[in-house]
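Encoded as structure tokens, the structure appears first; notes follow it.
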Amino acid sequence: MLARVETAAVVGISAAPVTVEVDVADGLPAVTIVGLPDPSVKESKERIKSALKNTQFAWPQTRITVNLAPADVRKEGSAFDFPIALGLLAASKQLDPQLFADAVALGELALDGALRPIPGALPVALSLKGTGKRLLLPAANAREAAVAEAVRVYPIEHLQQAIAFLRGEAPLAPCRMDQGQRAKPAAPEALDFSEVKGQVVAKRAMEVAVAGWHNLLLVGPPGAGKTMLAKRIPTIMPPLSLTESLAVTQIYSVMGMIPHGQALLDERPFRAPHHTISDVALIGGGSLPRPGEISLAHLGVLFLDELPEFNRPALEALRQPLEEGIVTVSRLHGRMVFPAQFMLAASMNPCPCGSAGDPARNCLCSPIQIQRYRSKVSWPLLDRIDIVLEVPALSYAELSFEGQGESSGAIRARVAEARRRQEERFRGEGFFFNAQMRHRHLKRFCRLDETGRKLFKDAVLNLGLSARAYHRILKVSRTIADLAGSDEIRPEHLAEAVQYRALDRSAP
């Protein structure tokens, strides 16, 4: 007898419908799984066999063929255990197949028949919107999947519970998640800019960077507070909107990184991979392409500490995502596009020993060593960073200061107001931040007066700025003007923006 069960496979960060076809026929006992399965899918027969045995169901002693259609979509993971088990019960006449004709099932089976959580529940639920189908999945994934509106999500703890529910013997209420009540009560922030001693210029640069979504590079000696500053960037970012929260949660769902019991992610991501990370892990990819760190940082911050120590191919691969906000990964089995609209925050020492420019320490590096160290970060990548700032070592007076600096909340309020101005300015343009402006927008929104044009001309000639750096200074100037509540870019706004390109040099 042939039975069919609807399920889904995660492809990239979306879900593709999959039909599980189970045929039980006469012949020597054997199990064959076809349809481009990976090893974890082929191993499902052992889990299913034990789960059925331990839940008082019979394992058919016949020839069993399982087909996962369509056959041109690669199937991976253990989420097919549950639908294969249902199909096997229906094909062996232990369960009426009409009971799950309108259902989509997925979940990993434990040997005792319990359902274990699986990655990608939210993309599957989103793919069912408007279909009217029921979604049966592990209870641990129910709140996550229930975020998708108008989808009936039924939390299943055990295979026996699922069978009883399908037969109408044990009613089960669908899990519901009210998106309007997702926000949690505000809790005291663990990190705050008020804890940072000194570094007034660096704090200001970070405020500008966050307000306009500009990329940032901090250059300074060890102990200057570069990492401490970077970790506090999310505390001055406005909270995620509902649409943004769904986008971030979908990526983390695919990676199986949703905290237990949580539905939507409300905090902006902050990813800080180690400098030994591979280019695939940073950008995304693999034989079956999956999101990398830059996609996990989508709508948040990607912090690269000790930037020159990162693998050169990995750093060069950042150039396209920094420009386009997406990363495209092409493999034999298909082409994937992952979102990667992140704010890059990076840090580096001024030289290999870290003491160049520090009045309290003697630098032991030769000019050639310093040049070789800085050249690890290529000019094309450096040119895509809007703000490059020197962070000096702290003096004793700054370290011993007992007062509190400005809080993250106060800075966040100014950032929110600047972003509100940008949203009004770019309404209908398809983007929201000054850093995303194209050439036609610069001509329209970044006009300079005569004094500003003269100042800018001197800066371009003296610093040897590239065309990309020229445009980035205009974008940063526009953000500084927004923070000041000004509709026009004044010379002082432009001068501050030029200051943030102090390490620029002519392209080699």
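Sort out which residues of region 227-249 are open to solvent by 40 Å² or more (accessible area, probe 1.4 Å) and either touching a residue at least 40 places away in the same chain (Cβ under 8 Å) or not aliphatic (A, V, I, L, M) (or both), and write them in order of number.
Thr227, Lys231, Pro239, Ser241, Leu242, Thr243, Glu244, Leu246
Residue check: is Arg271 under 15 Å from the mean Cα position of the chain (by Cα) and either touching a residue at least 40 places away in the same chain (Cβ under 8 Å) or crowded, with 17+ Cβ neighbours inside 10 Å (or both)?
Considered against the rule, which asks whether it is under 15 Å from the mean Cα position of the chain (by Cα) and either touching a residue at least 40 places away in the same chain (Cβ under 8 Å) or crowded, with 17+ Cβ neighbours inside 10 Å (or both), Arg271 comes out as yes.
Tell me which residues, restricted to region 189-217, are in contact with an Asp or Glu (Cβ under 8 Å, 6 or more places away or on another chain), open to solvent by less than 10 Å² (accessible area, probe 1.4 Å) and over 19 Å from Met437 (Cβ atoms).
Matches in region 189-217: Phe193 only.
Test Glu429 against the stated conditions and say whether it is open to solvent by 20 Å² or more (accessible area, probe 1.4 Å) and farther than 20 Å from Leu483 by Cβ.
So Glu429 passes the test.
Name the one entry in Arg372, Arg361 that is touching a Ser or Thr at 6+ places or on another chain (Cβ under 6 Å) and among the basic types (Lys, Arg).
Going through Arg372, Arg361 in turn, just one is touching a Ser or Thr at 6+ places or on another chain (Cβ under 6 Å) and among the basic types (Lys, Arg): Arg361.
Please tell me if Ser287 is crowded, with 22+ Cβ neighbours inside 10 Å and among the polar types (S, T, N, Q).
Judged against the criteria, Ser287 is not a match.
Six or more apart or on different chains, Cβ under 8 Å: which pairs go from a residue in region 87-112 that's on the phi > 0 side of the Ramachandran plot and touching a residue at least 40 places away in the same chain (Cβ under 8 Å) to one that's of a type in the set (Val, Ile, Thr) and in a strand (DSSP E or B)? Could you list them?
Pairs found: Gly107/Ile156.
Within region 326-343, is there a residue that is touching a helix residue (DSSP H, G or I) at 6+ places or on another chain (Cβ under 7 Å), surrounded by fewer than 16 Cβ atoms within 10 Å (Cβ to Cβ), within 24 Å of Val210 (Cα to Cα) and modelled with pLDDT under 95?
Within region 326-343 (the criterion being touching a helix residue (DSSP H, G or I) at 6+ places or on another chain (Cβ under 7 Å), surrounded by fewer than 16 Cβ atoms within 10 Å (Cβ to Cβ), within 24 Å of Val210 (Cα to Cα) and modelled with pLDDT under 95), the answer is no, since none of the residues qualifies.
Mind telling me which of the residues Leu494, Leu448, Leu455 ends up being open to solvent by less than 60 Å² (accessible area, probe 1.4 Å), assigned to a helix (DSSP H, G or I) and either at pLDDT 90 or above or hydroxyl-bearing (Ser, Thr, Tyr) (or both)?
Leu494
If you take the residues in region 50-80 that are under 13 Å from Asp38 (Cα atoms) and of a type in the set (D, E, K, R), which one is surrounded by the fewest Cβ atoms within 10 Å (Cβ to Cβ)?
Ranking the qualifying residues of region 50-80, first place goes to Asp72.
Return yes or no: is Tyr470 at pLDDT 85 or above, out of contact with any His (no Cβ under 7 Å at 6 or more places or on another chain) and closer than 15 Å to Ala205 by Cα?
No.
Among strands (runs of 3 or more DSSP E) lying entirely in region 13-128, which contain 2 or more residues that are polar (S, T, N, Q)?
It comes to 14-25, 63-69.
Criterion first (among the small types (Gly, Ala, Ser), within 20 Å of Ile277 (Cα to Cα), out of contact with any Leu (no Cβ under 8 Å at 6 or more places or on another chain) and surrounded by fewer than 15 Cβ atoms within 10 Å (Cβ to Cβ)) does Ser366 satisfy it?
No: the conditions fail for Ser366.
If you take the residues in region 291-308 that are in contact (Cβ under 8 Å) with a residue 60 or more places away in the chain and not hydrophobic (A, V, I, L, M, F, W, C), which one is surrounded by the most Cβ atoms within 10 Å (Cβ to Cβ)?
Ser295
Is there any pair linking a residue in region 354-371 that is more than 22 Å from Leu389 (Cβ to Cβ) to one that is in a helix (DSSP H, G or I) and open to solvent by 80 Å² or more (accessible area, probe 1.4 Å), with Cβ under 9 Å and at least six apart or on different chains, and which?
Every condition considered, no pair remains.
The values are calculated or read from the model by the stated rules, or taken from the named source; none is laboratory data. Values in this document were obtained by computation on a predicted structure and should not be read as measured data. FYI the Cβ positions are ideal-geometry reconstructions off the backbone, even for glycines, and counts take in every protein chain you see. Surface accessibility is based on the protein's heavy atoms, side chains included, excluding ligands, DNA and RNA. Shrake-Rupley method; radii C 1.70, N 1.55, O 1.52, S 1.80 Å.
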